[in-house]
Each structure stands twice: as C-alpha cells, then as structure tokens.
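To keep things clear, I will list the structure first and then write my remarks on it.
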Amino acid sequence: MVAEILLNGRGLTIDQVVYVAKNPGIRVSIDPEALPAINQAADAVQQLIRNGQIAYGITTGFGAFKDKLISADEVEKLQENIILSHAIGVGPLLDDAAVRAMILIRANTLAKGHSGIRLETLQLLLELLNRNILPLIPSKGSLGASGDLAPLAHMSLPLLGVGQVKFDGQIIEATHALQNAGLQPIKLAAKEGLALTNGTTMMTALGALMVHAAESLIETANCAGAMTIEAQNGTLRAFSPKLHSARPQRFQAEIAARIRDLLAGSQLTRPDNSHNVQDAYTLRCIPQVHGAVRSAIDYARTIVETELNSVTDNPLLFFEDGEIEVISGGNFHGEPLALALDFMAIALADLGNMSERRIAKLIDNHTEHYPSFLAAQGGLHSGFMLLQYTAAALASENKTLAHPASLDSLPSSGNVEDHVSMGANAANHCAMVLENVTTIVAIELMSAAQAVDFRLMDHPYLQQGTGTALAMRKAREIAPFFKEDTFFQPYLLKLVDSVRLGDFCL
C-alpha cells in the first residue's frame, strides 16, 4: 500500500478502508481532480441562499420541520444546531479502527461534489484522521435512516471544538486536541451540518471492517474443519472435484479444493471403506455450507464497496448547462446495507453452528481415536468439556443476534420518516456474531489440535496434510498439548487473537 490515499468519491475499496483504519500513519488527502466539483457545490449553496431559493436543510428545518423556513442570517446557526442536537448517541464507544473508517468514508462521500460542503471543512475533517484525533462515537442511537445521524453528529463535534476526543491515547477536550495539533475549530456554513451527519457512514464503516474480517474467518474455519477431519479419521471422498462440478454453486467447489489442498498428503484420513463410506454432515458438507457462507460474505462485500463510493446525504446538488438542481431523495436510507449485514450475520451464525457441532464431535466418546473430552485421565480431569460449553453458549447467543434487524421499523420525526432500515442495529449485531464465531472457531482449532496429538501418540509414523501440519505448528506456538487440566482461558484468548489476525489463513 502507498503512504497516502487520495479521495475523489470514486474507487475507494474495502482493503483501503481497512488499511487506513488500522494504520494511523497513513495520510489521506483530497485528490486535486475532485476540487472543482467540491468548490462548485459549495458555491452553489451560497448562490441558493442569495437567490432566496427554498431547499430542504439549507433554508428549511429538518425532518418534520421541513416546512419551517430559515432566514438567511440563521442558516449557519441551523447547521451548528443539527450537530449539537443530534449528538445523542449512547452505548459502548466504537473502537479506533471503526472511527477512522467512518471519517475516511464520510470524507470520500463528500469529495464527490454533490453535498455542498466547503473544501476547508472537508480538509479539517481529514486532519482529524491524519493527526489521529478521534471523536468519541457511541455505537447506539442510529435508525439507519436518515442515515447514521447520531454517530455522524458525534464524529463532527470536534470540528466545532465541542466534546471529547481520543488523542495520544488520552481522552481530552476537543478544543485542547485541536490546539495541540495547531488546528482551529470551524464555523459551519449552510448545508454543511446536514452534509456531515446525513448518510450511511457508520454501518458502511462497520460493514467494511466486518467483510474483511469475515473473509479471513471463513478461511480459518476451512482450516479448522480440515484439522477436525484428520482428528476424526474422515474420508476425502466428499471433496471430489467431480461431485462439486455437478452442483456449480458459487464457492462450493473452491472450498472443496481448499480442503483437499489443506489435507494433501495426509495419512490421518481413511481410504475408501465399504463399512464406512461417508462422514457426518458437519464434515462431509463443509464445501456446501462454508461455500454458502462465503457467498453471503461476498454479497455483503459488493453492497459495502458500492456504498463506499456513493453519495448518501440529502438533498443533493446537480449541475447541467450552468443550472443548479437541488434534488431531495432518500439515498441516506440504509436498507441495502441492513439487508446485507443481516444476511452476513445469519451466515456467520451458521458457520458457528457447524464449528460448534464439530467441537462436540471432537470431545464426545471416540475412544477409537482419542479419550473422551480430550482428557488423558478422564474423571480426575475434565479436559475440554467446558470449552464445548462456551462454544455452545456463543452459538446459541448468535441465534438471537441473527434475528434480522431490517425487519423492524419504528417511525420517527413526526411520522415523516415512517420507514427506517435499522441498519446500524444490523451492523452492531453482526459485529457481535462475528466476534462470537471467531471464538468458536478458535475453540475448534484448539480442540482439533489436542485430538490430532492424541492420534499421533498412537501412530507417530503418520503424517498430517501439508496445510494442516502448518496449522498445527501455529496452534502449538500458542497452546500446548494438555496432559492435565489447567487454566485454559489464557491460551484460548491468545488463540482468538491469532484467528482475528488471520494467522490461520494458510
């Protein structure tokens, strides 16, 4: 990646968002090619005011106050008021990566030149990102239409010198952070408060980070599944290319090939056996289920990456033949994201279901391959019994979290905003599901490694597959083979961190 990202409202990718979100040293600037459109839109707003033209959110109030006209001498106060009054979010604060992603995505949207924000305001927003002055943004309070109003208002408060920020690892007043960075608060011009707060930015930011993490997680789940196949002395017949070519669902054959690659050369799988021709579904159907999950993640990627380069505030400014056209619409409505994130949450929850069932098989009675509960001396030692409990608890919680948030809608703003997406709820729930499944898959890796080690004790001459042997080495760098009960949690948490970092994407 380059050391600087240029924004023009086009071409921003999920990979760039993740890179900027997780690397505070990356500088972000406005592409010089975008400057004419930005300046044209800002000048147009001033022209509308001079002409006394009625335009929503510029010379009128917001929401149910759309019929309240605002005098020319109060239009700037109106923009300050929307930031102050809308910054009413609650709940846990978004983490640093999510806040950085939000600022980046919002700046990219505004750089497209349809929102009417001044260049100086946009550049101050980017200075927050470049100096790593991070607004404190609560995760709850957005209805997902008119966009993520409360979170974006919190994002914008420091521009006014209001509220608190995280700077150099400390929570300090925004005014002090700006002063320390040699920056000054700004007085918003007409339309700018609305341009900053009206849009799908929080759900898009969370969606981008989650798509990237989910793509890594599905690869890790494939690896964990392959290790479990070895632990269970499974067969590779169900991963035959012929079988999967007969059902060309997207990603199914690809994941079957991935499992074959991970298990290439393995001597811990069984050959054809007329007395045991097929395995349980959670082993045999990995390509079908993991493939469907991968397809859902890919759908979410398409929706999120489109949204990264979309203009989602209201109204929007357009120009043709020297004329200004102000169009009020609903690009702020988060329904595309709400549905995609609900879909991804459901898919990830089922990925967790598959993994949890494989964990249960790993600790059940399989004395042919390893002792019950993966305990060398069962009774005195409980072994991995409670690891499965934790996985089951998380899998069960996911079934509640995966209830589609987009099915709900509570009208707001005097019933003017009478259908909302609840996309922010969808994003928050999906994030919780993702975190739960990350832990479940880590538990499967830990359990499969223990089971494989038991098998290798009895058959030390047998070899693992090329990929599973590498995964085993990585797992053993974090968690050892356990001969007796111990305090398992620290090992599990380190393994969760490793999964989160993508260390098992082999």
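Observations on the structure shown:
- Any chance THR439 is of a type in the set (Ser, Thr, Tyr), over 21 Å from the mean Cα position of the chain (by Cα) and crowded, with 17+ Cβ neighbours inside 10 Å: no
- Residues of the stretch 150-179 that are in contact with a His (Cβ under 7 Å, 6 or more places away or on another chain) and modelled with pLDDT under 95: none at all.
- If you check ASP418, ASP350 for being among the charged types (D, E, K, R) and modelled with pLDDT under 95, only one passes: ASP418.
- Apart from one condition, GLU215 fits all of (1) crowded, with 23+ Cβ neighbours inside 10 Å; (2) charged (D, E, K, R); (3) in contact with a Cys (Cβ under 9 Å, 6 or more places away or on another chain); (4) under 30 Å from ALA34 (Cβ atoms); the exception is (1).
- The stretch 412-424 - residue that is in contact with a helix residue (DSSP H, G or I) (Cβ under 7 Å, 6 or more places away or on another chain) and crowded, with 22+ Cβ neighbours inside 10 Å and, of those, nearest to LEU337 (Cα to Cα): GLY423
- Some residue of the stretch 274-294 being buried (at least 22 other Cβ atoms within 10 Å of the Cβ) and more than 21 Å from VAL441 (Cβ to Cβ): no
- Number of residues in the stretch 262-281 that are out of contact with any Gly (no Cβ under 8 Å at 6 or more places or on another chain), modelled with pLDDT of 95 or more and either in a loop (DSSP other than H, G, I, E, B) or within 28 Å of LEU12 (Cβ to Cβ) (or both) equals 1.
- Residue match in the stretch 3-10 (condition: polar (S, T, N, Q) and either out of contact with any helix residue (DSSP H, G or I) (no Cβ under 6 Å at 6 or more places or on another chain) or surrounded by 21 or more Cβ atoms within 10 Å (Cβ to Cβ) (or both)): no
- Yes/no for SER328 being touching a Phe, Trp or Tyr at 6+ places or on another chain (Cβ under 7 Å), touching a residue at least 24 places away in the same chain (Cβ under 8 Å) and farther than 23 Å from THR439 by Cβ: yes
- Per the listing GLU444, GLU417, GLU477, the residue uniquely in the same structural domain as ALA231 (by TED's automatic domain parsing), closer than 20 Å to SER355 by Cβ and not small (Gly, Ala, Ser) is GLU444.
- For SER409, the conditions (1) among the small types (Gly, Ala, Ser); (2) touching a helix residue (DSSP H, G or I) at 6+ places or on another chain (Cβ under 9 Å); (3) assigned to a loop (DSSP other than H, G, I, E, B) all hold with the exception of (2).
- Among the criteria (1) outside any helix (DSSP H, G or I); (2) in contact (Cβ under 8 Å) with a residue 40 or more places away in the chain, the one SER447 does not fulfil is (1).
- Filter result (among the hydroxyl-bearing types (Ser, Thr, Tyr), under 23 Å from ILE259 (Cα atoms) and either surrounded by fewer than 17 Cβ atoms within 10 Å (Cβ to Cβ) or touching a Gly at 6+ places or on another chain (Cβ under 8 Å) (or both)) within the stretch 454-506: TYR461, THR466
- Where a residue in the stretch 222-242 is buried (at least 24 other Cβ atoms within 10 Å of the Cβ) and its partner, wherever it lies, is of a type in the set (D, E, K, R) and not in a helix (DSSP H, G or I), with Cβ under 9 Å and at least six apart: ILE229/ASP279; GLN232/ASP279; GLY234/ARG270; GLY234/ASP279
- Criterion (more than 31 Å from the chain's Cα centre (by Cα), within 30 Å of GLN79 (Cα to Cα) and of a type in the set (Gly, Ala, Ser)) met by exactly one of GLY334, GLY322, GLY330: GLY322
- The conditions of being assigned to a helix (DSSP H, G or I) and modelled with pLDDT of 95 or more are met by LEU339.
- Residue within the stretch 11-21 that is modelled with pLDDT of 80 or more and within 25 Å of PHE319 (Cα to Cα) present: yes
- Residue in the stretch 180-188 that is more than 19 Å from GLY423 (Cβ to Cβ) and β-branched (Val, Ile, Thr) present: yes
- Apart from one condition, ILE186 fits all of (1) on the phi > 0 side of the Ramachandran plot; (2) assigned by TED's automatic domain parsing to the domain that holds LYS166; (3) at pLDDT 95 or above; the exception is (1).
- Residues satisfying the stated conditions in the stretch 172-186, i.e. surrounded by fewer than 21 Cβ atoms within 10 Å (Cβ to Cβ) and in contact (Cβ under 8 Å) with a residue 24 or more places away in the chain: ALA181, LEU183, PRO185, ILE186
- Some residue of the stretch 356-363 being in contact with a strand residue (DSSP E or B) (Cβ under 6 Å, 6 or more places away or on another chain), in the same structural domain as PRO287 (by TED's automatic domain parsing) and surrounded by fewer than 18 Cβ atoms within 10 Å (Cβ to Cβ): no
- Qualifying residue in the stretch 282-298 (condition: modelled with pLDDT of 95 or more, outside any helix (DSSP H, G or I), closer than 25 Å to ALA469 by Cβ and over 26 Å from the mean Cα position of the chain (by Cα)): yes
The values are calculated or read from the model by the stated rules, or taken from the named source; none is laboratory data. Computed from a predicted structure; not experimentally measured. Ideal geometry is used to build each Cβ from the backbone, glycine not excepted, and the neighbour counts take in all protein chains shown.
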